[in-house]
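Peer 1: Okay, handing you the structure first.
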Amino acid sequence: MKILITNDDGIDALGLKLLAEWAKKYGEVTVVAPKRGQSAKSHAIEIVEAFEIKQVPYLDGITAYSVDSTPADCVRFGIVGLKQKYDVVFSGINRGVNVGDDIVYSGTIAAVFEAVKQGVKAIAFSSFPDEQEAAAKHLDEAYGYVLGKGLFDHAPMYNINIPAESKGIRMTYQGTTYYSDDFEKVEGTENMYRQVGDLIPDLHPDDLNRDTVAIHAGYTTVTPLIETRTDMAVYEKFKTE
């Protein structure tokens, strides 16, 4: 099996190395990851300016490239630029869970969307900050769940979030906002602001089918994602005959 791995925390991130080392047992691994952190860059790609792409030393047995652009561009180069065909794309292990509305902003998630756009099935893996090593111990269980249930026969991409101590795996759906938003002026500056926020309780705290609830309750969450943004219910109701 040929596996392409990327992330949004950068080529030197611990979570990326843990994921790549784990994936070696399943086949030939190629890593194409951002030169620097690209968190919350979503599905952006660079089509105006040229950017650096170079092969870099990495783990034994793994070919790796550093890309001075976004996770989506990393996947694009891995498939289109290298002219390779992969069986699966893995993204992560992200330093921070990607649940609820964070799915929209996440570069980790955007990488799997780009993979599916390029015709390759994909999984995004995320964990809480500084818990990647603990989460990596549950990768076999999480991937085994996907394979054992034959999930790729039903959808091409999944978002998996893994806590340090997992109580088990739950199939979940995307929750909504679970944090507050604000802009904070940087002290000592005239025009500089930083976006800040705090965790807030989920509006449905007892619904363990929501990824935002299940992950904080200690479960590994597996959420099927879809590429289209068309509201099919509205389309079917008003479509032109």
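Just so you know, all these numbers are worked out from the coordinates, no wet-lab data involved. Note that the structure is a prediction, hence the values are computed from the model and not measured. Heads up, the Cβs are rebuilt from the backbone with ideal geometry, glycines too, and the neighbour counts pull from every protein chain shown.
Peer 1: Which far-off residues, 5 or more places away or on another chain, put their amide H under 5 Å from the one on Val56, with H placed in the peptide plane?
Peer 2: Close amide H contacts, sequence-distant or interchain: Ala64, Tyr65, Ser66.
Peer 1: Which ³J(HN,Hα) values, rounded to whole Hz and listed in residue order, are derived for region 157-169 from phi using the Karplus coefficients 6.51, -1.76 and 1.60 in 6.51 cos²θ - 1.76 cosθ + 1.60 with θ = phi - 60°, glycine and proline given as x?
Peer 2: Rounded to whole hertz, the list is 8, 9, 10, 10, 10, 10, x, 4, 10, 7, 7, x, 10.
Peer 1: Hey, what do the phi angles of region 175-182 turn into as Karplus ³J(HN,Hα) couplings, whole Hz, using 6.51/-1.76/1.60 and θ = phi - 60°, x for Gly and Pro?
Peer 2: x, 10, 5, 10, 8, 8, 10, 7
Peer 1: Using a Förster radius of 30 Å, what is the FRET efficiency between Ala50 and Lys85 based on their Cβ-Cβ separation? Nearest 0.05, please.
Peer 2: Taking R0 as 30 Å, the efficiency between Ala50 and Lys85 is 0.70.
Peer 1: Follow-up question, since we're still on this one. Averaging sequence separations of C-alpha pairs under 8 Å and six or more residues apart, then dividing by the length of the chain, give the relative contact order as a whole percent.
Peer 2: With pairs under 8 Å counted, the relative contact order is 17 percent.
Peer 1: List the relative contact order of region 47-101 as a percent without decimals, with contacts defined as Cα pairs under 8 Å and 6+ residues apart.
Peer 2: Relative contact order here is 20 percent.
Peer 1: Please compute the length gained on full extension between Glu236 and Thr177, using 0.36 nm multiplied by the number of residues separating them and subtracting their Cα-Cα distance.
Peer 2: 18.4 nm
Peer 1: On to the next question. Output needed for the chain: three equivalent-ellipsoid semi-axes, defined as square roots of 5 times the C-alpha gyration tensor eigenvalues, in descending order, whole Å.
Peer 2: Each semi-axis is the square root of five times an eigenvalue, giving 26, 23, 21 Å.
Peer 1: So what is the relative contact order for region 45-149, in percent, with contacts set as C-alpha pairs under 8 Å and at least six apart?
Peer 2: Answer for region 45-149 is 23 percent.
Peer 1: Looking at the chain only, what percent of DSSP beta bridges run antiparallel? Nearest 5 please.
Peer 2: Antiparallel: roughly 30 percent of the beta bridges in the chain.
Peer 1: Further question on the same structure: In Å, what Rg and Dmax follow from the Cα atoms of region 1-137?
Peer 2: In order Rg, Dmax, the Cα atoms of region 1-137 give 13.2, 41 Å.
Peer 1: Okay, moving on. First select every other residue whose beta carbon is under 15 angstrom from the beta carbon of Glu21; then total the charges, Lys and Arg +1, Asp and Glu -1.
Peer 2: -1
Peer 1: Quick check: net charge around Ala136, other residues with Cβ under 12 Å of its Cβ, Lys/Arg +1 and Asp/Glu -1?
Peer 2: Once all neighbours under 12 Å are counted, the net charge is -3.
Peer 1: Along the Cα→Cβ direction, 7 angstrom out, place labels at Arg36 and Asp198. What is the inter-label distance in nm?
Peer 2: Label-label distance for Arg36 and Asp198, simple model: 3.1 nm.
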